[in-house]
Each structure stands twice: as structure tokens, then as C-alpha cells.
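The next block holds one structure in the form of C-alpha cells; read it before the comments.
The values are calculated or read from the model by the stated rules, or taken from the named source; none is laboratory data. Fair warning: this is a prediction, and the values are worked out from it, not measured in the lab. So basically every Cβ, Gly included, is an ideal-geometry build from the backbone, and we count neighbours across all protein chains shown. Side chains included, ligands, DNA and RNA excluded: accessible areas come from the protein's heavy atoms. Shrake-Rupley method; radii C 1.70, N 1.55, O 1.52, S 1.80 Å.
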Amino acid sequence: MDKGLPQDEPSALDGGISERQIRRGMRINILAGSLGMVWVAAATGIPLTMYMDKLGASGVLIGLTSTVQQLAMLLQIPSSLLAERLATRKRFWGIFALSHRVLWFVPAFLPLLMSDDPQRMAQVVVVAVAISAVLANIGAAAWWSWMADLIPERLRGSFWGRRQSIVTIAHLGAVWLVGWLLDLFSDSVLAGSYFGFVLVFSIAAVLGCADILVHLRVPEPPPTRGPVGRSLFEQVLAPLRSRDFLLGTAAFSIWTFGCGLVGQFGILYLRREFGATYTQISA
């Protein structure tokens with residue numbers, strides 16, 4: 001226990017939340033994040049690309065499943081401005097985040113509804129992924145604002161480092177499990193031979209929703225308000241005056257472009273040209 005803050009007494013700096021409540025919220029955050037990483041492994045990336053390939057989708061449709069998610073990130077700018085004006089960020093985030101995860105039941109159930117029309121299934125998947133990405137990014141800034149106010153500055157480095165280590169382990173285990181399940185049921189005749197994907201996306205949707213519901217048990221301190229009197233235009237431009245922000249943004253942009261350049265089509269190349277199994281691709 002850190003010195004200087006009683007375990008059971010509220011701290012004015014932490015918005016009236018006690019040290020014990022903060023640490024409990026941090027543990028819940030890590031648990032929820034681990035569930036969320038299973039959703040990431042089972043819903044996005046490799047499974048989604050392989051699903052679209054299984055449906056015989058065109059390269060344009062396969063590329064769109066990634067493009068719509070990237071474009072939806074632009075909504076984080078107005079979302080960040082809105083987050084500063086919310087009385088409760090947790091409820092706002094919870095509504096949008098849960099709706100975003102529920103939509104991942106769509107690719108899970110499609111083979112049960114229209115397995116005889118794979119092209120239409122591929123189009124519906126793109127629409128569902130786009131709407132899901134929009135909902136996720138609308139709520140994203142509220143979550144970051146909530147976490148910034150919850151985690152005391154003296155604990156942030158150790159907390160985010162520990163959290164990243166744990167959720168990465170969960171993600172790696174889930175990536176392997178997803179590949180194994182897809183290979184295990186690759187020859188199944190259930191749901192029009194899509195049973196492996198039905199199972200994987202169902203797991204993703206269930207655990208993804210569980211992530212949100214568990215996370216709602218994390219306490220929320222009163223929001224820290226930014227300087228008053230600034231226009232929306234000034235708030236948008238404020239980060240651009242920071243050299244560190246510009247360098248960091250440039251680095252992330254180059255990294256994202258490099259990953260996206262290969263992206264899904266590198267996975268397809270391994271599958272189509274080398275006959276790699278789902279487990280090998282996951283590895």
C-alpha cells in the first residue's frame with residue numbers, strides 16, 4: 001500500500017473515492033480487459049478475414065472490413081469534445097460499447113439464416129462491422145477520460161504496464177484457441193460448413209459483452225473539467241501545439257500505414273498460396 005493516502009478514507013484528489021475502491025476498480029479493469037482481449041482475438045483480424053474469404057468475398061469487401069473500422073476512428077474527435085461535457089461517462093460509454101459488442105452476434109448468426117447466399121452474407125458483415133466500429137469509437141473518449149480521472153498519477157505507469165502484460169497473455173491464448181477451433185471444425189457440415197466461425201464469433205460476442213458488463217463495476221470519479229471559455233475550434237487545435245503530440249502521432253501514423261499495407265491480404269496470401277492452416281496463421 002502506498003503511503004500518504006489512507007486505505008479506507010476518500011481522497012479529494014480522487015473525487016471522493018477511497019484507495020481501496022480505486023485498487024478494486026483497477027483489478028476489475030484488468031479482468032474486464034482480459035475478457036475484451038478474447039473478443040479482439042476472436043472477432044477481429046484473422047477470424048474476420050478468414051470468414052470473408054470463406055464467403056468468397058471480393059478483395060474490395062475484405063478490405064472494407066478494415067477500412068470502415070479505421071474511418072470510424074475519426075469520430076473520436078467529436079466524441080472527446082462531448083466527453084468533457086458528460087455528467088457520467090460510464091453510462092454513456094456502457095450504452096455505446098455494449099451495443100457495439102452485441103452487433104458481433106450478426107456474423108455469428110448469419111450462417112444460420114442465409115448460408116445459401118454467401119455474397120449477401122459478406123455485404124451484411126461489412127455493414128455490421130461498420131456500425132459496430134462507429135458505436136465503439138463514439139464511446140472511446142469517454143472511457144479514456146474516465147480512466148484518466150480514476151487512476152492516480154503515481155500509479156499510472158505500474159498499472160498500465162501490469163495491465164498490458166496480463167491482457168497480452170489473454171490475447172495470445174485466445175489467438176491460439178481461435179485458430180485451433182477453426183481448424184477443428186473446418187470440415188463441419190453444420191450451418192453450411194461455417195460452424196467454426198459461428199462458434200468463434202459467438203464466443204467473441206458473449207465475452208465481449210461480458211467485458212463491458214464487468215467493467216461497469218469500476219467506480220467513476222467526478223469528471224475533471226478542462227479550461228472554461230475555450231471554443232470547440234480551440235479545443236481541437238490545442239494538442240497540435242505540442243511537439244511531443246505531433247511526433248507521437250506521426251510515429252503511430254507511419255506504423256499503422258505499414259501494418260495496413262500488408263494487413264489482411266498477407267493473411268490471405270499465406271492461406272491461398274501456402275495452404276497454411278488457421279492455427280499456423282494464428283501462430
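Results, tabulated for the structure shown:
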quantity	calculated
Carbon + sulfur, % of accessible area of segment 112-177 - ligands and nucleic acids excluded, 1.4 Å	66
Label-point separation, Q119 to L216 (7 Å along Cα→Cβ), nm	4.2
Calculated FRET efficiency for the pair V262/L86, C-beta based, R₀ 45 Å, to 0.05	0.75
Probe 1.4 Å, protein heavy atoms only - accessible area per residue of segment 233-283 in square angstrom	77
Net dipole in debye of the chain [+1 Lys, Arg Cβ; -1 Asp, Glu Cβ; about Cα centre; nearest 20]	580
Neighbour-limited loop hits for trypsin sites (Lys or Arg not before Pro), segment 80-150 (at most 10 other Cβ within 10 Å; DSSP other than H, G, I, E, B)	R85
Most positive-pole-ward Cα, A174, S66, L98, against dipole of the chain from beta carbon charges	L98
Relative contact order of the chain, defined on C-alpha pairs under 8 angstrom at six or more residues apart (%)	33
For segment 138-283: relative contact order, % (alpha-carbon pairs under 8 angstrom, 6 or more apart)	36
Fully extended contour minus Cα-Cα distance, from S186 to L246, at 0.36 nm per residue	17.0 nm
Accessible area of T279 in the full protein assembly, 1.4 Å probe (Å², nearest 10)	40
With DNA, RNA and ligands ignored, accessible area of S58 (1.4 Å probe; Å², nearest 10)	50
Accessible solvent surface per residue of segment 111-217, calculated while the other protein chains remain in place, 1.4 angstrom probe, Å²	47
Label-point separation, Q70 to V236 (7 Å along Cα→Cβ), nm	2.2
Answer label, with semi-axes √(5λ) of the Cα gyration tensor in Å calculated from the coordinates and candidates [x] 39, 21, 17; [y] 31, 21, 17; [z] 37, 22, 18	[z]
Full-stretch length increase - I28, A148 - with 0.36 nm per residue and alpha-carbon distance subtracted	41.6 nm
